[in-house]
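Written below as C-alpha coordinates is the structure these notes are about.
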Amino acid sequence: MKNNTAEDKLSIEIKKLKRPLFGRRLISWILFLPIVLFFLVTPILASLYPQTTNVILKKLGIDAPHLYIPSKQTHITTNKTQAIPTPTAFALDKVWNPGELASAHQPWANNCKVCHSELFIQTKNEDCLACHQETSKHVTNEKIAGHDLENKRCADCHRDHMGQLALQNQNKLFVGKQCESCHVDLKNRVPESKLREVGDFSDQHPEFKVQVATLSNPLKLQRVILSNTAEVQEHTGLKFPHDIHVSDKGIKGPKGNTVMKCIDCHKPDSANIGFTAANMQNHCQSCHELRFEPKLSNRQVPHGNVADVLSTLREFYSYVATHPVPEAMKANQEIVQIRPGSDNKNKPSTPLITAGDAKTRANLAAREIFEKTACVVCHQINKAPPTNDHSTTGFDLTQYTVAPVTPPHAWMPKAKFNHQAHQKQECTDCHNAKQSKKASDVLMPSIEVCKDCHVGKQPEINKITSDCGLCHEFHSPAQLENDKLTDKPIGEAISKQIRSANQISAINQISQESKK
(Lines give C-alpha, C1' and ligand atoms only; values in the text may rest on other atoms or scores of the structure.)
Protein backbone atom coordinates (compact mmCIF):
# COMPACT_ATOMS: atom_id res chain seq x y z
CA MET A 1 0.00 0.00 0.00
CA LYS A 2 2.85 2.38 0.85
CA ASN A 3 4.44 1.90 -2.56
CA ASN A 4 1.12 2.45 -4.31
CA THR A 5 0.51 5.62 -2.27
CA ALA A 6 3.99 6.97 -3.11
CA GLU A 7 3.47 6.20 -6.76
CA ASP A 8 0.16 7.97 -6.68
CA LYS A 9 1.74 11.12 -5.19
CA LEU A 10 4.47 11.10 -7.82
CA SER A 11 1.95 10.64 -10.56
CA ILE A 12 -0.11 13.50 -9.22
CA GLU A 13 2.91 15.82 -9.19
CA ILE A 14 3.83 14.85 -12.75
CA LYS A 15 0.31 15.60 -13.91
CA LYS A 16 0.53 19.04 -12.27
CA LEU A 17 3.74 19.82 -14.15
CA LYS A 18 2.12 18.83 -17.42
CA ARG A 19 -0.62 21.39 -17.00
CA PRO A 20 -0.51 24.48 -19.29
CA LEU A 21 2.15 27.05 -18.39
CA PHE A 22 -0.30 29.77 -17.41
CA GLY A 23 -1.97 27.53 -14.90
CA ARG A 24 1.13 27.00 -12.78
CA ARG A 25 1.93 29.16 -9.74
CA LEU A 26 -0.90 31.57 -10.35
CA ILE A 27 0.11 33.83 -7.48
CA SER A 28 3.62 34.24 -8.95
CA TRP A 29 2.19 35.32 -12.28
CA ILE A 30 -0.17 37.73 -10.57
CA LEU A 31 2.82 39.43 -8.94
CA PHE A 32 5.20 39.15 -11.89
CA LEU A 33 3.06 40.77 -14.55
CA PRO A 34 2.42 44.06 -12.69
CA ILE A 35 6.10 44.30 -11.83
CA VAL A 36 7.07 43.96 -15.49
CA LEU A 37 4.38 46.43 -16.49
CA PHE A 38 5.13 49.17 -13.98
CA PHE A 39 8.88 48.78 -13.57
CA LEU A 40 10.02 47.87 -17.07
CA VAL A 41 7.46 48.46 -19.81
CA THR A 42 6.06 51.74 -18.46
CA PRO A 43 9.49 53.35 -17.78
CA ILE A 44 10.71 52.36 -21.23
CA LEU A 45 7.61 53.75 -22.93
CA ALA A 46 7.77 56.91 -20.82
CA SER A 47 11.38 57.38 -21.85
CA LEU A 48 10.84 56.68 -25.55
CA TYR A 49 7.59 58.64 -25.88
CA PRO A 50 7.66 61.40 -23.25
CA GLN A 51 5.20 63.68 -25.03
CA THR A 52 2.62 60.92 -25.52
CA THR A 53 3.05 59.87 -21.91
CA ASN A 54 2.44 63.42 -20.82
CA VAL A 55 -0.79 63.63 -22.85
CA ILE A 56 -2.06 60.32 -21.45
CA LEU A 57 -1.31 61.35 -17.88
CA LYS A 58 -3.12 64.67 -18.37
CA LYS A 59 -6.18 62.85 -19.75
CA LEU A 60 -6.13 60.68 -16.67
CA GLY A 61 -6.08 63.83 -14.58
CA ILE A 62 -2.51 63.30 -13.41
CA ASP A 63 -0.17 66.27 -13.46
CA ALA A 64 3.45 65.35 -14.21
CA PRO A 65 5.43 68.58 -13.81
CA HIS A 66 8.77 66.77 -13.88
CA LEU A 67 8.31 65.34 -17.36
CA TYR A 68 11.04 66.69 -19.64
CA ILE A 69 11.67 66.31 -23.32
CA PRO A 70 15.06 64.71 -24.04
CA SER A 71 17.47 67.45 -25.10
CA LYS A 72 19.84 67.28 -28.02
CA GLN A 73 23.61 67.65 -27.75
CA THR A 74 26.27 67.60 -30.43
CA HIS A 75 29.07 65.14 -29.79
CA ILE A 76 32.37 67.05 -29.82
CA THR A 77 34.43 64.51 -31.73
CA THR A 78 31.90 62.87 -34.07
CA ASN A 79 29.81 66.00 -34.69
CA LYS A 80 26.69 63.83 -34.34
CA THR A 81 23.62 65.00 -32.46
CA GLN A 82 22.54 62.63 -29.69
CA ALA A 83 19.64 62.69 -27.28
CA ILE A 84 20.59 63.03 -23.64
CA PRO A 85 18.21 61.12 -21.36
CA THR A 86 16.31 63.32 -18.93
CA PRO A 87 13.96 62.40 -16.09
CA THR A 88 10.68 60.81 -17.17
CA ALA A 89 7.33 61.41 -15.51
CA PHE A 90 7.64 60.75 -11.79
CA ALA A 91 11.18 59.52 -12.49
CA LEU A 92 9.80 56.19 -13.71
CA ASP A 93 13.13 55.37 -15.37
CA LYS A 94 14.84 55.45 -11.97
CA VAL A 95 14.26 51.72 -11.72
CA TRP A 96 16.71 50.92 -14.48
CA ASN A 97 18.59 54.22 -14.87
CA PRO A 98 20.93 54.74 -11.84
CA GLY A 99 21.06 58.51 -12.39
CA GLU A 100 22.29 61.39 -14.48
CA LEU A 101 25.82 61.14 -15.86
CA ALA A 102 28.53 63.66 -15.16
CA SER A 103 28.66 66.51 -17.67
CA ALA A 104 31.83 65.17 -19.32
CA HIS A 105 30.23 61.76 -19.94
CA GLN A 106 26.82 62.89 -21.20
CA PRO A 107 27.68 62.54 -24.92
CA TRP A 108 27.69 58.78 -24.27
CA ALA A 109 24.54 58.69 -22.17
CA ASN A 110 22.70 56.62 -24.79
CA ASN A 111 25.53 54.16 -25.31
CA CYS A 112 26.06 52.24 -22.08
CA LYS A 113 28.64 49.95 -23.70
CA VAL A 114 31.16 52.79 -23.81
CA CYS A 115 31.75 52.36 -20.07
CA HIS A 116 30.11 48.99 -19.40
CA SER A 117 31.89 46.60 -21.74
CA GLU A 118 30.32 43.50 -20.11
CA LEU A 119 26.67 43.11 -19.20
CA PHE A 120 25.85 43.09 -15.50
CA ILE A 121 29.52 43.71 -14.65
CA GLN A 122 30.69 46.87 -12.94
CA THR A 123 32.77 49.32 -14.97
CA LYS A 124 36.31 47.97 -15.20
CA ASN A 125 39.54 49.96 -15.10
CA GLU A 126 40.18 49.02 -18.72
CA ASP A 127 36.94 50.75 -19.69
CA CYS A 128 38.02 53.99 -17.99
CA LEU A 129 41.57 53.89 -19.34
CA ALA A 130 40.31 53.46 -22.90
CA CYS A 131 39.67 57.23 -22.82
CA HIS A 132 41.79 58.40 -19.91
CA GLN A 133 45.03 57.10 -21.32
CA GLU A 134 47.15 59.98 -19.99
CA THR A 135 46.04 59.51 -16.39
CA SER A 136 49.05 58.36 -14.42
CA LYS A 137 48.94 55.93 -11.53
CA HIS A 138 49.19 57.11 -7.96
CA VAL A 139 52.27 54.95 -7.51
CA THR A 140 53.85 52.63 -10.08
CA ASN A 141 54.26 48.91 -9.51
CA GLU A 142 57.93 49.25 -10.34
CA LYS A 143 58.51 51.48 -7.31
CA ILE A 144 56.36 49.67 -4.76
CA ALA A 145 55.17 46.25 -5.91
CA GLY A 146 52.15 44.73 -4.23
CA HIS A 147 50.78 47.96 -2.78
CA ASP A 148 47.15 48.21 -1.75
CA LEU A 149 46.18 50.31 -4.76
CA GLU A 150 46.80 47.57 -7.34
CA ASN A 151 43.37 46.02 -6.86
CA LYS A 152 41.45 49.28 -6.62
CA ARG A 153 38.91 50.22 -9.25
CA CYS A 154 38.73 53.71 -10.72
CA ALA A 155 35.02 53.68 -9.87
CA ASP A 156 35.76 53.07 -6.19
CA CYS A 157 36.57 56.79 -5.99
CA HIS A 158 35.07 58.22 -9.19
CA ARG A 159 31.39 57.24 -9.02
CA ASP A 160 29.22 58.39 -11.89
CA HIS A 161 25.44 58.55 -12.38
CA MET A 162 25.22 61.02 -9.50
CA GLY A 163 24.60 64.26 -11.36
CA GLN A 164 26.40 66.64 -13.71
CA LEU A 165 28.86 67.98 -11.14
CA ALA A 166 29.18 64.88 -8.97
CA LEU A 167 32.49 63.66 -10.40
CA GLN A 168 33.98 67.14 -10.22
CA ASN A 169 33.05 67.46 -6.56
CA GLN A 170 34.30 63.97 -5.74
CA ASN A 171 37.65 64.74 -7.30
CA LYS A 172 38.01 67.81 -5.10
CA LEU A 173 37.01 66.03 -1.91
CA PHE A 174 38.96 62.79 -2.16
CA VAL A 175 41.30 63.85 0.62
CA GLY A 176 41.47 63.60 4.39
CA LYS A 177 41.96 60.35 6.25
CA GLN A 178 42.19 58.49 2.96
CA CYS A 179 45.60 60.08 2.32
CA GLU A 180 46.80 59.96 5.91
CA SER A 181 45.85 56.30 6.26
CA CYS A 182 48.84 55.50 4.05
CA HIS A 183 51.22 58.43 4.22
CA VAL A 184 51.35 58.93 7.97
CA ASP A 185 52.60 55.37 8.50
CA LEU A 186 54.71 54.67 5.43
CA LYS A 187 57.69 53.17 7.28
CA ASN A 188 55.57 50.33 8.57
CA ARG A 189 53.35 49.92 5.54
CA VAL A 190 56.05 50.21 2.87
CA PRO A 191 59.49 49.95 4.53
CA GLU A 192 61.35 50.18 1.21
CA SER A 193 59.78 53.54 0.33
CA LYS A 194 62.02 56.62 0.40
CA LEU A 195 59.05 58.98 0.75
CA ARG A 196 58.79 61.08 3.86
CA GLU A 197 55.80 60.56 6.12
CA VAL A 198 53.10 63.21 5.76
CA GLY A 199 50.08 63.98 7.92
CA ASP A 200 48.11 67.07 8.80
CA PHE A 201 49.51 70.25 7.27
CA SER A 202 49.72 72.07 10.61
CA ASP A 203 52.20 69.79 12.34
CA GLN A 204 52.86 66.65 10.31
CA HIS A 205 53.93 67.97 6.92
CA PRO A 206 57.68 68.03 6.15
CA GLU A 207 59.52 70.92 4.52
CA PHE A 208 58.83 71.37 0.80
CA LYS A 209 60.97 69.89 -1.95
CA VAL A 210 61.81 71.89 -5.05
CA GLN A 211 63.02 70.69 -8.42
CA VAL A 212 66.19 72.42 -9.60
CA ALA A 213 68.71 72.08 -12.41
CA THR A 214 71.99 70.83 -11.03
CA LEU A 215 75.15 72.91 -11.16
CA SER A 216 77.07 70.11 -12.87
CA ASN A 217 74.50 69.54 -15.61
CA PRO A 218 72.02 72.36 -16.34
CA LEU A 219 69.62 69.98 -18.09
CA LYS A 220 69.58 67.44 -15.25
CA LEU A 221 66.82 67.96 -12.69
CA GLN A 222 66.86 66.89 -9.08
CA ARG A 223 64.55 67.50 -6.15
CA VAL A 224 66.02 68.95 -2.97
CA ILE A 225 64.58 69.95 0.39
CA LEU A 226 64.33 73.71 0.86
CA SER A 227 65.93 73.49 4.29
CA ASN A 228 69.15 72.16 2.69
CA THR A 229 70.37 75.63 1.80
CA ALA A 230 73.66 74.35 0.39
CA GLU A 231 71.79 72.32 -2.25
CA VAL A 232 69.07 74.82 -3.05
CA GLN A 233 70.95 76.53 -5.84
CA GLU A 234 70.10 76.27 -9.51
CA HIS A 235 72.34 76.68 -12.51
CA THR A 236 70.60 79.12 -14.84
CA GLY A 237 73.41 80.23 -17.13
CA LEU A 238 72.43 83.82 -16.35
CA LYS A 239 73.66 86.71 -14.24
CA PHE A 240 70.60 88.33 -12.76
CA PRO A 241 70.44 90.19 -9.44
CA HIS A 242 66.82 90.50 -8.39
CA ASP A 243 67.69 92.93 -5.63
CA ILE A 244 68.86 95.58 -8.12
CA HIS A 245 65.90 95.19 -10.45
CA VAL A 246 63.14 95.31 -7.82
CA SER A 247 64.75 97.77 -5.44
CA ASP A 248 62.36 100.25 -3.86
CA LYS A 249 64.82 102.98 -4.84
CA GLY A 250 64.38 102.16 -8.50
CA ILE A 251 66.92 101.41 -11.20
CA LYS A 252 68.57 103.81 -13.64
CA GLY A 253 67.52 103.17 -17.19
CA PRO A 254 67.36 104.95 -20.57
CA LYS A 255 64.29 106.88 -19.43
CA GLY A 256 65.64 107.81 -16.03
CA ASN A 257 65.04 106.22 -12.65
CA THR A 258 62.38 103.49 -12.82
CA VAL A 259 60.83 101.48 -10.01
CA MET A 260 60.23 98.01 -11.40
CA LYS A 261 57.59 95.56 -10.23
CA CYS A 262 57.57 91.78 -10.49
CA ILE A 263 54.69 91.99 -12.96
CA ASP A 264 56.95 93.87 -15.39
CA CYS A 265 58.67 90.59 -16.26
CA HIS A 266 56.42 87.88 -14.82
CA LYS A 267 53.30 88.13 -16.95
CA PRO A 268 50.30 85.86 -16.18
CA ASP A 269 49.61 83.18 -18.77
CA SER A 270 46.34 82.79 -20.67
CA ALA A 271 44.78 80.87 -17.79
CA ASN A 272 45.82 83.60 -15.35
CA ILE A 273 47.25 80.91 -13.08
CA GLY A 274 50.92 80.54 -14.03
CA PHE A 275 53.28 82.82 -15.94
CA THR A 276 54.72 83.09 -19.41
CA ALA A 277 58.46 82.88 -19.88
CA ALA A 278 60.38 86.16 -19.80
CA ASN A 279 62.23 86.98 -23.00
CA MET A 280 64.80 89.48 -24.21
CA GLN A 281 62.62 91.39 -26.64
CA ASN A 282 59.68 92.11 -24.34
CA HIS A 283 61.33 92.34 -20.95
CA CYS A 284 65.04 93.14 -21.19
CA GLN A 285 65.92 94.96 -24.39
CA SER A 286 64.40 98.29 -23.42
CA CYS A 287 67.33 98.70 -21.02
CA HIS A 288 69.85 96.16 -22.28
CA GLU A 289 70.20 97.26 -25.89
CA LEU A 290 72.53 95.36 -28.19
CA ARG A 291 73.99 98.33 -30.06
CA PHE A 292 77.42 97.66 -31.46
CA GLU A 293 78.42 100.85 -33.30
CA PRO A 294 78.32 104.02 -31.20
CA LYS A 295 78.58 106.20 -34.31
CA LEU A 296 75.37 104.68 -35.67
CA SER A 297 73.19 104.32 -32.58
CA ASN A 298 70.31 102.43 -34.21
CA ARG A 299 72.36 99.42 -35.21
CA GLN A 300 71.90 96.33 -32.97
CA VAL A 301 72.90 92.72 -33.27
CA PRO A 302 70.18 90.05 -33.00
CA HIS A 303 69.66 88.32 -29.67
CA GLY A 304 70.31 84.79 -30.79
CA ASN A 305 73.13 82.35 -31.30
CA VAL A 306 76.75 83.40 -31.62
CA ALA A 307 76.94 82.67 -35.35
CA ASP A 308 74.11 85.13 -36.10
CA VAL A 309 75.77 87.88 -34.07
CA LEU A 310 79.18 87.42 -35.69
CA SER A 311 77.66 87.26 -39.17
CA THR A 312 75.78 90.51 -38.56
CA LEU A 313 79.01 92.25 -37.55
CA ARG A 314 81.02 90.82 -40.45
CA GLU A 315 78.42 91.81 -43.01
CA PHE A 316 77.91 95.30 -41.59
CA TYR A 317 81.59 96.29 -41.57
CA SER A 318 82.10 94.70 -44.99
CA TYR A 319 79.30 96.90 -46.29
CA VAL A 320 80.56 100.16 -44.77
CA ALA A 321 84.03 99.38 -46.14
CA THR A 322 82.62 99.89 -49.64
CA HIS A 323 79.85 102.32 -48.69
CA PRO A 324 81.49 104.87 -46.38
CA VAL A 325 79.35 106.55 -43.75
CA PRO A 326 79.20 110.38 -44.16
CA GLU A 327 81.46 112.22 -41.75
CA ALA A 328 78.56 114.38 -40.56
CA MET A 329 76.69 111.26 -39.49
CA LYS A 330 79.71 109.95 -37.63
CA ALA A 331 80.06 113.12 -35.64
CA ASN A 332 76.40 113.57 -34.74
CA GLN A 333 75.50 110.02 -33.79
CA GLU A 334 78.07 109.42 -31.06
CA ILE A 335 76.45 107.93 -27.96
CA VAL A 336 77.42 107.03 -24.42
CA GLN A 337 76.39 103.67 -22.96
CA ILE A 338 75.50 103.35 -19.28
CA ARG A 339 74.84 99.94 -17.77
CA PRO A 340 71.36 99.94 -16.12
CA GLY A 341 71.64 100.51 -12.38
CA SER A 342 75.06 102.10 -12.64
CA ASP A 343 76.39 105.66 -12.78
CA ASN A 344 79.60 104.59 -14.54
CA LYS A 345 79.66 105.99 -18.04
CA ASN A 346 81.19 103.78 -20.66
CA LYS A 347 82.32 105.08 -24.02
CA PRO A 348 82.69 102.02 -26.20
CA SER A 349 85.32 101.90 -28.85
CA THR A 350 84.19 102.88 -32.31
CA PRO A 351 85.25 100.28 -34.88
CA LEU A 352 83.78 102.44 -37.62
CA ILE A 353 86.65 104.95 -37.37
CA THR A 354 89.30 102.39 -36.40
CA ALA A 355 92.06 101.66 -38.84
CA GLY A 356 91.95 98.25 -40.44
CA ASP A 357 89.90 96.12 -42.78
CA ALA A 358 86.34 94.87 -42.29
CA LYS A 359 87.46 91.76 -40.40
CA THR A 360 89.52 93.79 -37.92
CA ARG A 361 86.62 96.15 -37.25
CA ALA A 362 84.17 93.27 -36.85
CA ASN A 363 86.48 91.54 -34.37
CA LEU A 364 86.80 94.75 -32.36
CA ALA A 365 83.00 95.13 -32.26
CA ALA A 366 82.59 91.47 -31.25
CA ARG A 367 85.04 91.90 -28.37
CA GLU A 368 83.12 94.94 -27.13
CA ILE A 369 79.75 93.17 -27.28
CA PHE A 370 80.70 89.75 -25.90
CA GLU A 371 83.32 90.75 -23.33
CA LYS A 372 82.48 94.29 -22.18
CA THR A 373 79.15 95.96 -22.90
CA ALA A 374 76.33 93.55 -23.80
CA CYS A 375 76.37 89.75 -23.65
CA VAL A 376 78.68 89.48 -20.65
CA VAL A 377 76.33 91.62 -18.55
CA CYS A 378 73.72 88.83 -18.40
CA HIS A 379 75.45 85.71 -19.72
CA GLN A 380 78.48 83.60 -18.96
CA ILE A 381 80.81 84.09 -21.93
CA ASN A 382 83.90 82.12 -22.94
CA LYS A 383 86.15 82.27 -25.98
CA ALA A 384 85.98 79.30 -28.28
CA PRO A 385 88.45 77.79 -30.76
CA PRO A 386 88.14 78.72 -34.45
CA THR A 387 85.33 77.00 -36.29
CA ASN A 388 85.52 74.86 -39.41
CA ASP A 389 81.93 75.67 -40.29
CA HIS A 390 82.07 78.12 -43.20
CA SER A 391 78.30 78.25 -43.67
CA THR A 392 78.09 81.68 -42.01
CA THR A 393 79.90 84.89 -42.90
CA GLY A 394 81.29 85.34 -39.40
CA PHE A 395 83.27 82.10 -39.39
CA ASP A 396 86.63 83.91 -39.62
CA LEU A 397 86.07 86.10 -36.54
CA THR A 398 86.98 85.32 -32.93
CA GLN A 399 84.53 82.69 -31.72
CA TYR A 400 82.62 82.69 -28.41
CA THR A 401 80.37 80.35 -26.45
CA VAL A 402 77.42 81.46 -24.33
CA ALA A 403 76.44 79.27 -21.39
CA PRO A 404 73.06 77.66 -22.15
CA VAL A 405 70.11 79.07 -20.27
CA THR A 406 68.19 76.52 -18.23
CA PRO A 407 64.68 76.21 -19.70
CA PRO A 408 61.75 77.03 -17.39
CA HIS A 409 60.41 74.05 -15.49
CA ALA A 410 58.01 73.15 -12.70
CA TRP A 411 59.52 73.99 -9.31
CA MET A 412 57.15 71.67 -7.46
CA PRO A 413 56.00 68.99 -9.93
CA LYS A 414 54.13 67.04 -7.26
CA ALA A 415 51.96 69.97 -6.20
CA LYS A 416 49.49 72.42 -7.71
CA PHE A 417 49.37 76.12 -7.04
CA ASN A 418 47.06 78.83 -8.32
CA HIS A 419 48.64 82.28 -8.43
CA GLN A 420 45.31 83.85 -9.26
CA ALA A 421 43.94 82.75 -5.89
CA HIS A 422 46.81 84.63 -4.22
CA GLN A 423 46.67 87.79 -6.33
CA LYS A 424 45.85 90.01 -3.33
CA GLN A 425 49.22 89.16 -1.84
CA GLU A 426 52.38 90.99 -2.85
CA CYS A 427 54.86 88.77 -4.70
CA THR A 428 57.55 89.63 -2.15
CA ASP A 429 55.34 88.32 0.67
CA CYS A 430 56.26 84.83 -0.48
CA HIS A 431 59.31 85.29 -2.71
CA ASN A 432 62.38 86.93 -1.17
CA ALA A 433 63.45 88.65 -4.38
CA LYS A 434 64.59 91.92 -2.82
CA GLN A 435 67.48 90.16 -1.05
CA SER A 436 68.53 87.93 -3.96
CA LYS A 437 71.82 88.89 -5.58
CA LYS A 438 72.34 85.83 -7.81
CA ALA A 439 70.35 84.17 -10.54
CA SER A 440 71.11 80.80 -8.93
CA ASP A 441 68.99 81.68 -5.88
CA VAL A 442 65.83 79.57 -5.66
CA LEU A 443 63.18 82.00 -4.50
CA MET A 444 60.52 79.47 -3.57
CA PRO A 445 58.74 79.96 -0.21
CA SER A 446 59.29 77.51 2.62
CA ILE A 447 56.46 75.72 4.41
CA GLU A 448 56.61 78.25 7.22
CA VAL A 449 55.67 81.01 4.77
CA CYS A 450 52.57 79.07 3.71
CA LYS A 451 51.65 78.42 7.36
CA ASP A 452 51.28 82.17 7.86
CA CYS A 453 47.91 81.80 6.12
CA HIS A 454 47.18 78.05 5.95
CA VAL A 455 46.43 75.49 8.65
CA GLY A 456 45.48 71.83 8.52
CA LYS A 457 42.03 70.33 8.91
CA GLN A 458 41.35 71.96 12.26
CA PRO A 459 39.99 75.49 11.71
CA GLU A 460 41.79 78.48 13.18
CA ILE A 461 40.71 82.12 13.24
CA ASN A 462 41.94 84.18 10.27
CA LYS A 463 43.54 81.16 8.59
CA ILE A 464 42.58 78.91 5.68
CA THR A 465 41.65 75.33 6.48
CA SER A 466 43.67 73.16 4.10
CA ASP A 467 43.60 69.47 3.33
CA CYS A 468 45.75 67.36 1.01
CA GLY A 469 43.60 67.95 -2.06
CA LEU A 470 44.15 71.70 -1.93
CA CYS A 471 47.73 71.30 -3.18
CA HIS A 472 48.02 67.71 -4.41
CA GLU A 473 46.47 65.39 -6.96
CA PHE A 474 45.86 61.73 -6.23
CA HIS A 475 47.19 60.77 -9.66
CA SER A 476 50.75 62.03 -9.35
CA PRO A 477 52.01 63.79 -12.49
CA ALA A 478 54.52 61.73 -14.44
CA GLN A 479 58.15 62.81 -14.36
CA LEU A 480 60.02 63.79 -17.48
CA GLU A 481 61.94 60.90 -18.97
CA ASN A 482 65.23 60.56 -17.10
CA ASP A 483 64.36 63.75 -15.22
CA LYS A 484 65.92 65.80 -17.99
CA LEU A 485 64.85 69.02 -19.58
CA THR A 486 64.78 69.35 -23.33
CA ASP A 487 65.03 72.19 -25.80
CA LYS A 488 61.34 71.82 -26.64
CA PRO A 489 58.91 74.62 -25.81
CA ILE A 490 58.02 74.52 -22.15
CA GLY A 491 54.43 73.56 -22.89
CA GLU A 492 55.72 70.35 -24.48
CA ALA A 493 58.57 69.77 -22.06
CA ILE A 494 56.44 69.65 -18.93
CA SER A 495 53.13 68.48 -20.37
CA LYS A 496 53.46 65.25 -18.39
CA GLN A 497 54.45 67.06 -15.23
CA ILE A 498 51.47 69.31 -14.72
CA ARG A 499 47.82 68.33 -14.92
CA SER A 500 46.02 70.91 -17.00
CA ALA A 501 42.50 70.62 -15.59
CA ASN A 502 43.11 70.85 -11.89
CA GLN A 503 46.62 72.14 -11.67
CA ILE A 504 48.67 75.13 -12.54
CA SER A 505 48.63 75.97 -16.21
CA ALA A 506 52.41 76.01 -16.48
CA ILE A 507 54.49 78.31 -18.61
CA ASN A 508 53.66 77.31 -22.18
CA GLN A 509 56.31 79.18 -24.11
CA ILE A 510 60.07 79.30 -24.02
CA SER A 511 62.06 82.21 -25.34
CA GLN A 512 64.37 81.78 -28.28
CA GLU A 513 67.34 82.55 -26.12
CA SER A 514 66.46 79.72 -23.75
CA LYS A 515 66.62 77.30 -26.64
CA LYS A 516 70.17 78.20 -27.49
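Observations on the structure shown:
- Extreme residue, nearest to GLN170 (Cα to Cα), among residues of the stretch 103-113 that are over 29 Å from the mean Cα position of the chain (by Cα) and open to solvent by 80 Å² or more (accessible area, probe 1.4 Å): CYS112
- Evaluation of GLY341 against (1) at pLDDT below 90; (2) at negative phi; (3) out of contact with any Cys (no Cβ under 6 Å at 6 or more places or on another chain) (one fails), failing number: (2)
- Residues that are charged (D, E, K, R), open to solvent by 70 Å² or more (accessible area, probe 1.4 Å) and under 24 Å from the mean Cα position of the chain (by Cα), drawn from the stretch 222-237: ARG223
Matching residues to (1) closer than 17 Å to LEU443 by Cα; (2) open to solvent by less than 30 Å² (accessible area, probe 1.4 Å); (3) touching a Lys or Arg at 6+ places or on another chain (Cβ under 7 Å):
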{"residue": "ILE251", "(1), (2), (3)": "no, yes, no"}
{"residue": "LYS255", "(1), (2), (3)": "no, no, no"}
{"residue": "LYS261", "(1), (2), (3)": "yes, no, no"}
{"residue": "SER270", "(1), (2), (3)": "no, no, no"}
{"residue": "GLN285", "(1), (2), (3)": "no, no, no"}
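- Some residue of the stretch 475-488 being at pLDDT 50 or above and closer than 30 Å to ASP243 by Cβ: no
- On the stretch given as the stretch 407-430, residues that are in contact with a helix residue (DSSP H, G or I) (Cβ under 8 Å, 6 or more places away or on another chain) and either in a loop (DSSP other than H, G, I, E, B) or open to solvent by less than 40 Å² (accessible area, probe 1.4 Å) (or both) total 3.
- Checking each residue in the stretch 294-334 for being open to solvent by less than 30 Å² (accessible area, probe 1.4 Å), modelled with pLDDT of 80 or more and assigned to a loop (DSSP other than H, G, I, E, B) picks out only VAL301.
The values are calculated or read from the model by the stated rules, or taken from the named source; none is laboratory data. Source: prediction; values computed, not measured. Quick reminder, even Gly has a Cβ in these numbers, built from the backbone with ideal geometry, and neighbours come from all protein chains shown. Accessible surface areas use protein heavy atoms only, side chains included; no ligands, DNA or RNA. Shrake-Rupley method; radii C 1.70, N 1.55, O 1.52, S 1.80 Å.
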